[in-house]
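All remarks here apply to the structure that follows.
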Amino acid sequence: MNAAAFAPGGGGDPRQDDYDIWLGAPTIKPWIASGRHTQVANYLYLDGHAVPLTWDAAVPDMYPDKVVLTDDGSYP
């Protein structure tokens, strides 16, 4: 990872290792370094295995019913 991404001059958009899926896929997508390894990122599953996937292949697995939330599901 390029540490410059964490600096205010680099946009100040730090990556994080967890996120809330109810915020919706468009909200969480910028938090995932999905293009780091030739258009894939490494996704760690709760059972301990990790898989390199594109964003489009990985995002349905983030939702229990495989239906991707496209709007913010937070309470106002």
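The values are calculated or read from the model by the stated rules, or taken from the named source; none is laboratory data. These numbers were taken from a predicted model, which means no experiment stands behind them. Reconstructed Cβ throughout: ideal geometry from the backbone, glycine too, with neighbour counts over all protein chains shown. What goes into the accessible areas is simple: the full protein's heavy atoms, side chains included, and nothing from ligands, DNA or RNA. Shrake-Rupley method; radii C 1.70, N 1.55, O 1.52, S 1.80 Å.
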Worksheet item: Do you know which residues across the stretch 15-70 are aromatic (F, W, Y), within 12 Å of the chain's Cα centre (by Cα) and in a loop (DSSP other than H, G, I, E, B)?
Response: Y19
Item to complete: Test each condition in (1) outside any loop (DSSP other than H, G, I, E, B); (2) open to solvent by less than 60 Å² (accessible area, probe 1.4 Å) for G73 and report the one that comes out false.
Response: (1)
Worksheet item: N42 is checked against (1) modelled with pLDDT under 85; (2) among the polar types (S, T, N, Q); (3) surrounded by 12 or more Cβ atoms within 10 Å (Cβ to Cβ) and fails just one. What number does that condition carry?
Response: (1)
Fill in: Candidates L69, L53 - the one that is of a type outside the set (S, T, N, Q), under 16 Å from D20 (Cα atoms) and without any contact (Cβ under 8 Å) to a residue 60 or more places away in the chain
L69
